[in-house]
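Here, each number is a calculation from the coordinates, and none is a lab measurement. All values reported here derive from a predicted model rather than from experimental measurement. Cβ coordinates were reconstructed from backbone atoms using ideal geometry, including for glycine residues, and neighbour counts include every protein chain displayed.
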Amino acid sequence: MSVLTTLRSKLSGSLASARLVVASAVVGAGFFGLAEAIRVKLGGTFLDEGAITGLLLLSGLLSVLPTGILAGLAAALPVGSLSRSRRMLAGFTAGVLAVLCWDVAVGWFTDPGPFTQGLPLQGNPLVFGAFVASLVAAWALLVWKLQGVRAIAAVIALSCLLLSGWAALAVPMGEPRGQALNGAPNVLWVTIDTVRADHLSSYGGPAQTPAFQRVADSGVLFEQAFAQIAVTGPSHTTMLTGTGPWTHGTLLNGIPIQRELATLPEILRDNGYRTAAFVSAYVLEGELGFSRGFDVYDDELGRFPGLADLVFFRSVAMVRRHFDPDLVVERRGDRTTDKALTWLEGRDEPWFLWVHLFDPHGPYEPPAPFDTRYAQGLKSSVAAGTPVLEQYDVAPYLRKSLAGVTSVPWVVAQYDGEISFADEQLGRLLDGIEARGQLDTTLVVVNGDHGESLGEHKVWFDHGDDLYDPATWVPLAIKLPGGAHQGARVDDPVELVDLAPTILDLLDLPPAETMEGHTLRDTMQGTGHRIQARGLCFDRPANQAARAVGAIQEPTWRLVSLRAPLSRFVRRESPDYGDEYYDFVEDPSQELSELESRLLDPDGAQLMGLLADQADRLMSGMSAESVERSTQELSTEAEDALRALGYID
C-alpha cells in the first residue's frame, strides 16, 4: 500500500510539474502570437475597423497556442526536477522559441519576391537545422545555468520587452502631409479591370452601364481612350506615374514601380489630401509600390484583413499553394466597395479615393441577377455543340470555369454580366458620395485599365501581350466639379498615360517632372487635338514560338502600336514576325493587315516608313535595364498567383 501511495504521489507531482511547464509555454507562445498580431496591425495599411482588429488579435493569440502546448510537453520531461521558478522559465522560453522557429521557417522556405535579395543559403534545410539547434542549446544553457527568482523574472520581462519592441518597429514612418487648399475638390478614381469599351451601353455595347453613363452625362465621355499595355500592373503603373511602359519599364505583373517615379497619390498627399485605395486583385499588392502615397491601402483579399500575415495562416497558404495553385487572388467588387464607403464615413477634409474593381476579369462568374441578365435564351451547353475547350486555345486559369461549356455567346453574356455588376458598384460609390452632399464638388474619373479579347485575332477570353483594339480600347469618362463641360464628347484618340497629369491639372496642381503624359483639359475644352495613341508590350506569339524551339528562356521580343482614329500600325521586333497595318475604313473587323498593299504605293510606303521610325524610337527609348526588370524571375508564390490569373502561361 505504501508503494502505491508513493507512486501515486510521484505521478501526481510529475503531472503537476508538467502542467506548470505546459501552462508557461502556452503563455510564452501566446505572447509571441499577440505581439505578431499587433505588429501586423501597426504595420498594415488596410482599413482600420474595430471589430476586425479584435479578431486579428484574438486569432494571433489562439492560433499559436497548440504550438505552445507541444513545446511545453517537449520541455516538461527534461526540466521536471528543477525548481518551480526555473520550470516556469523553461516553459515560457520554450513557447516563445517554438513559435519563433515556426515563424522563421515559413520565411526561410518562402522564395524572396522580385528585386528582393534573399539571405545567403536561404531555403537550405541544413542551415535552418543549425539555427534550431543553436536555439535549443541556448535554451538549455539558460534554463540550467540561471538561478534566482529575480534573474528568471528579468529574463521573462526582457523577452516580453523584445517582443513588444519587435511589434512597435512595424509602425511606418510616414512623410509629413502638406496643407490642403480651401475648397479643394475631392477626387474619386475608379478603375474597372478588363473592360473593353465596345461592350458598354455608352459605346453602343450590350452591357447596361447606367452608372458610367451617369458620369459621362454629367461630364466628358472619351470615345477613343486607349491603354498603353493590356496588363493590369503595368497599366496602373502608367496611370499612377504618368509615364508609358517605354519609360517605367514594366511589361509584366509582379514588377515594382521604380522609386524615382513620382506617383499621383504622393503628390496629392503632399498637397494635404487624405488618400485611400481599395483594390481587388493580387497583381496590385501594395508592396510593389502601388501603396506609395496612400494613408490607407487596402489590398487584403481575404474576408478578414491581416489574418494572412499571421504565421499560422501563412503556413496554411504554403500548404494550399502546394496542393492548389489557384488560390484566392481577387475579391468581389461589392466587398471592395463596402470598404471604400466605410472609409468615406466622416471624411470632411479633401480626399482622394481610388477604387479598383476586378470583376470583368475571367473567370466570368457574375452573381445573380447578372448571371442571367444577358443570357436569356442561351444555355451554357448545347447538346450538339463542341466544348469551348476543344475549339479554342483557352488560358489555363479559365478551363475549370469553362468545363462542359459549348456556347460562346453564353460565355460572352457572363462577361457582360460582370461588367454590369461592376457598374452597379460604381453606382453605389456615386450614391454614397451624393448622400454626403459631396458629389457636385468631387472630380470623378472612371476608366478601364485594359480590354479583353473574345476571339479577335484568335485570342479567346484573354488579354496581355497584344495591342489590338479589343485589348486596349477602354471606357473613360470624367466629371468635373461644378458640372463643367457637361455632356461633352471627345473623339480624338487619348492615352491613359495622360490621366495623372489631367487630374493634377484639374486640381490646379503641377505634374511631377517625371511625368510625360499631358493634360486632357484642352481636348475637353475643344481646343486641343490628338492624332494617335501609343502602346508597347511583349509580343506573346513571337516569344512563345522562340521559347518552344529553345531560342530564348525569358520574354524578349516586343511590339509597338500606333493607333490613329481610323488605323493602327503594329511594329514587331521579332525578325520572324512582320509588321502590320489596319485600315478601319477598308476593314472594320481589323483582322486583315494591309501593310503589303500599302508598301506597293509610294505614298503608302513613305507613311509606313515614318510610322516604323516612330515606333522604333519608342522601342529604343526603353533602356536595356528596363527590359531586364520585366524579365526578372518571380518568386514561386508570385508566379503561382499570377498563373491563377492567367498572366503566366
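Extending 7 Å from Cα along the Cβ direction at residue 549 and again at residue 403 yields two label points whose distance is 3.7 nm. Taking a straight line from the alpha carbon of residue 339, these lysines sit under 27 Å away, with near neighbours fewer than eight places off in the same chain left out: 41, 479. Straight-distance candidates among the lysines for linking to residue 458, with alpha-carbon spacing under 29 Å and chain neighbours fewer than 8 residues away dropped: 379, 400. With respect to the chain, whose longest principal axis is taken over its alpha-carbon atoms, helix 602-620 is tilted by about 20°. Taking amide H atoms as placed 1.01 Å from N in the peptide plane, the amide H of residue 539 lies under 5 Å from those of 557, 558, 559, each 5 or more residues away in sequence or on another chain.
When restricted to Cα atoms, the range 410-501 yields an Rg and a Dmax of 16.0, 48 Å, respectively. With no solvent and one point on each alpha carbon, what is the Debye value of log10 I(q)/I(0) for the range 511-565 at q = 0.19, 0.20, 0.23 Å⁻¹? Taking Cα atoms of the range 511-565 as identical point scatterers yields -0.78, -0.81, -0.91.
Note on residue 605 and residue 584: with the Förster distance fixed at 22 Å, the Cβ-Cβ geometry gives a FRET efficiency of about 0.60. Using a cutoff of 8 angstrom between alpha carbon atoms and counting only pairs six or more residues apart, the relative contact order for the range 14-168 works out to 33 percent. Can you find, among 268, 251, 127, the residue farthest towards the positive end of the dipole of the chain? Put +1 on the C-beta of Lys and Arg, -1 on that of Asp and Glu. Going by the charge dipole, the pick is 127.
Taking a ≥ b ≥ c as the square roots of the eigenvalues of the Cα gyration tensor, an a/c ratio of 1.5 or more together with a/b no larger than b/c marks the range 14-168 as oblate.
Starting from the Cα of residue 145, draw a straight line to each of the lysines and keep only those under 27 Å, dropping any in the same chain fewer than 8 residues away. Within reach: 10. With Cα atoms as the point set, the chain shows a radius of gyration and Dmax of 29.2, 117 Å. Amide H contacts of residue 494: 224, 225, 226, each under 5 Å away and 5 or more positions distant or on a separate chain (H built 1.01 Å from N in the peptide plane; Pro and chain starts excluded).
Along the axis of the charge dipole computed for the chain (Cβ charges of +1 for Lys and Arg, -1 for Asp and Glu, origin at the Cα centre), the listed residues 377, 581, 162 are led at the positive end by 162. Backbone geometry of the range 540-555 corresponds, through the Karplus equation with coefficients 6.51, -1.76 and 1.60 at θ = phi - 60°, to 3J(HN,Hα) couplings of 4, x, 5, 5, 5, 5, 5, 5, 5, 9, x, 6, 9, 10, 10, x Hz, x marking Gly and Pro.
Between the helical axis of 408-435 and the dominant principal axis of the chain, each derived from Cα atoms, what acute angle in degrees is found, rounded to the nearest 10? Computed tilt is about 80 degrees.
In order along the range 334-350, the phi-based Karplus estimate (6.51 cos²θ - 1.76 cosθ + 1.60, θ = phi - 60°) of 3J(HN,Hα) comes to 5, 5, 4, 5, 3, 5, 4, 5, 5, 5, 5, 4, x, 8, 9, 6, x Hz; Gly and Pro are listed as x.
Bridges between two residues of the chain, per DSSP, are antiparallel at a rate of about 50%.
Cα gyration tensor of the range 500-595, axes a ≥ b ≥ c as square roots of the eigenvalues: rounded (a/c below 1.5), prolate (a/b > b/c) or oblate? List each step's numbers first, then the result.
Values: a/c = 4.36, a/b = 1.60, b/c = 2.72.
In terms of gyration-tensor shape, oblate.
Extension gain for residue 486 to residue 51 (0.36 nm times residue separation, less C-alpha to C-alpha distance): 152.3 nm.
Note down the net charge around residue 488, summing +1 for each Lys or Arg and -1 for each Asp or Glu among other residues with Cβ under 14 Å from its Cβ.
-2
Rounded to a whole number of µm²/s, how large is the Stokes-Einstein D of the range 393-435 at 10 °C and 1.306 mPa s, given Rh as the Kirkwood radius over C-alpha pairs? The partial results should precede the final answer.
Details: Rh = 12.5 Å.
Taking Rh from Cα pairs, D becomes 127 µm²/s.
What separates the Cα centres of the range 138-189 and the range 266-321 is a distance of 21 Å.
Computed over neighbours whose Cβ is under 14 Å from that of residue 19, the net charge equals +2, Lys and Arg +1, Asp and Glu -1.
Roughly speaking, what is the stretch gain from residue 166 to residue 372, that is 0.36 nm per residue apart minus the C-alpha to C-alpha distance, in nm to one decimal?
Numbers: separation 206, 0.36 × 206 = 74.16 nm, distance 5.19 nm.
So the chain would gain 69.0 nm between residue 166 and residue 372.
Summing charges over neighbours of residue 226, with a neighbour being any other residue whose Cβ is under 12 Å away from its Cβ, gives -1 when K and R count +1 and D and E count -1.
Identify the residues of the range 128-156 with backbone N under 13 Å of a label point that sits 7 angstrom from the Cα of residue 121 along the Cα-to-Cβ direction, or state none. It comes to 128-134, nothing else.
Once you order the gyration tensor axes a ≥ b ≥ c over the Cα atoms, which shape class does the range 320-435 get: rounded for a/c under 1.5, otherwise prolate or oblate by comparing a/b with b/c? Write out the running numbers ahead of the final one.
Details: a/c = 3.75, a/b = 1.85, b/c = 2.03.
Oblate is the answer for the range 320-435, as a/c is 1.5 or above yet b/c matches or exceeds a/b.
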